[in-house]
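Everything below concerns the one structure shown next.
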Amino acid sequence: MLIKLKNPVRVISWAAVGGAAEKKGPLGCRFDVIDESERFSQKTWEQSEGEMQKIALSKAMEKAGLSDNGVGLLFAGDLMNQCTSSSYGLLPFDIPMVGLYGACSTAAESLSLAAMASDLSGCVSAAVTSSHFCSAERQFRFPLEYGGQRTPTSQRTVTGSAAFLVRPENGGVQVKEIFFGRSVDSKITDICNMGAAMAPAAVDTLLRFFGESGTGPEDYDKIVTGDLGKEGYSITKMMMAQKNMPIDDVYDDCGLLIYNNDLQDMHAGGSGCGCSATVAAARLLPELAEGKMKNLLFIGTGALMSPTSVQQGLPIVSIAHLVHLCSA
């Protein structure tokens with residue numbers, strides 16, 4: 001269902017936090033905060049991830065000149081069990097919170113819900129998400145000490161967090177339309193091939209959005225998916241071409257934008273909740289604000305598996321949520 005907001009909703013501020021690998025990427029100089037130790041003064045990787053969310057939200061609120069009582073509702077999520085990085089990291093904020101799990105689609109999901117909440121209530125809403133390479137490896141694969149080999153189709157989980165604040169307001173970067181995805185089973189069981197698992201969900205969402213909105217790829221300056229990486233990016237282009245709707249001229253993927261793929265050995269690219277979130281905060285939203293783009297389709301893609309589902313041999317179900325952003 002295509003959701004058109006009743007009132008103009010503006011993204012009033014954003015902030016991106018990252019680690020050492022992210023600093024070395026092409027967007028490294030655009031992050032608000034970088035900690036090359038990736039510890040963020042915490043004892044565990046999971047606590048480090050929570051601290052990233054705290055820093056990102058604090059920075060976004062500082063940019064907007066807001067304190068806790070200026071934000072009415074907070075939408076946040078991460079990759080950890082029960083979204084613990086969000087729950088613990090955002091504990092210092094005296095703001096009602098809705099916890100989310102959309103896997104790597106959480107940036108688009110949280111931004112969509114925050115915009116809808118602001119449209120309905122008139123309040124400022126916040127969207128926050130994060131991922132950490134070390135905490136994700138421990139939960140979904142093997143602890144780093146194991147030293148496992150990565151396959152060519154594997155992606156590196158981004159150590160990063162981003163926060164976005166929205167409120168009903170004209171001008172600037174606007175959330176124009178929202179289109180939520182549906183669960184898609186691509187029959188992929190390989191946990192090291194997230195791109196192939198998520199690509200069909202991105203295509204499903206795009207085709208349904210174009211059908212309901214009456215638009216096509218030519219109506220947008222950029223179409224950017226969440227973190228399909230090299231593998232999923234190629235599959236998405238191929239599948240869209242097969243549907244007689246090629247997107248090559250306007251298409252890009254956050255998993256390919258976050259790292260320097262010629263100089264950094266990231267195999268198929270970046271992934272994780274922090275991937276699309278930090279690319280949006282460090283590059284996409286600034287380019288909209290500067291007028292370098294007018295219309296952007298931002299599509300967060302997520303693999304909705306768990307360690308248990310993978311161990312039981314279930315296929316990886318994926319989803320893709322779309323946000324139409326434009327510069328007023």
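Only one of the listed residues (G211, G232) is on the phi < 0 side of the Ramachandran plot, touching a residue at least 12 places away in the same chain (Cβ under 8 Å) and of a type outside the set (A, V, I, L, M, F, W, C). That residue is G232. Taken together, the criteria place I178 among residues that are in a strand (DSSP E or B), closer than 26 Å to L74 by Cβ and aliphatic (A, V, I, L, M). Within the range 142-154, restricting attention to residues that are loosely packed, with under 12 Cβ neighbours inside 10 Å and either in a helix (DSSP H, G or I) or in the same structural domain as I258 (by TED's automatic domain parsing) (or both), the residue that is modelled with the highest pLDDT is E145.
Scanning the range 280-323 for residues that are out of contact with any helix residue (DSSP H, G or I) (no Cβ under 7 Å at 6 or more places or on another chain), more than 24 Å from A197 (Cβ to Cβ) and crowded, with 24+ Cβ neighbours inside 10 Å returns A281, L285, L288.
Can A127 be described as closer than 24 Å to S87 by Cβ and in contact (Cβ under 8 Å) with a residue 24 or more places away in the chain? Judged against the criteria, A127 is a match. Across the range 176-195, the number of residues qualifying as surrounded by 24 or more Cβ atoms within 10 Å (Cβ to Cβ) and among the small types (G, A, S) comes to 2. For the range 235-269, residues that are among the polar types (S, T, N, Q), in contact (Cβ under 8 Å) with a residue 40 or more places away in the chain and surrounded by 19 or more Cβ atoms within 10 Å (Cβ to Cβ) total 0. Can you say whether Q139 is free of Cβ contacts under 8 Å to residues at least 24 places away in the same chain, over 16 Å from the mean Cα position of the chain (by Cα) and not in a strand (DSSP E or B), as far as the supplied structure shows? No. Could you tell me which residue of the range 45-91 is farthest from V166 (Cα to Cα), considering only residues that are assigned to a loop (DSSP other than H, G, I, E, B) and of a type in the set (A, V, I, L, M, F, W, C)? Out of the qualifying residues, it is M80.
Applying the criterion of at least 2 residues that are touching a strand residue (DSSP E or B) at 6+ places or on another chain (Cβ under 8 Å) to the helices (runs of 4 or more DSSP H) found wholly in the range 214-328 leaves 229-242, 254-257, 273-279, 285-289. Are there any pairs with C-beta distances below 7 angstrom linking a residue in the range 64-86 that is of a type in the set (D, E, K, R) to a residue that is part of a strand (DSSP E or B) and modelled with pLDDT of 95 or more, with the two at least 6 apart or on different chains, and if so which? Listed by first residue and then by second, the contacts come to D78/T129; D78/S130; D78/S131.
Each row is one residue, and each column tells you yes or no for (1) more than 25 Å from E46 (Cα to Cα); (2) surrounded by fewer than 17 Cβ atoms within 10 Å (Cβ to Cβ); (3) among the hydroxyl-bearing types (S, T, Y); (4) not assigned by TED's automatic domain parsing to the domain that holds Q264.
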position	(1), (2), (3), (4)
G89	no, no, no, yes
F93	no, no, no, yes
M116	yes, no, no, yes
L120	yes, yes, no, yes
V128	no, no, no, yes
A136	no, no, no, yes
G160	no, no, no, yes
A163	no, no, no, yes
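Among the residues of the range 1-28, those that are under 21 Å from A107 (Cα atoms), not in a strand (DSSP E or B) and not small (G, A, S) comprise M1, L5, P8, E22, K23, P26, L27. Kindly establish whether T308 is within 17 Å of the chain's Cα centre (by Cα) and of a type outside the set (A, V, I, L, M, F, W, C). So T308 does not fit the description; no. Of the residues that make up the range 60-71, is at least one closer than 18 Å to V279 by Cα, aliphatic (A, V, I, L, M) and either crowded, with 16+ Cβ neighbours inside 10 Å or not assigned by TED's automatic domain parsing to the domain that holds A115 (or both)? Scanning the range 60-71, I find at least one residue that is closer than 18 Å to V279 by Cα, aliphatic (A, V, I, L, M) and either crowded, with 16+ Cβ neighbours inside 10 Å or not assigned by TED's automatic domain parsing to the domain that holds A115 (or both), so the answer is yes.
The values are calculated or read from the model by the stated rules, or taken from the named source; none is laboratory data. Nothing here was measured: the structure is a model prediction, and the numbers come from that model. Because the Cβ atoms are built from the backbone with ideal geometry, glycine has one as well, and the counts that use them run over all protein chains shown.
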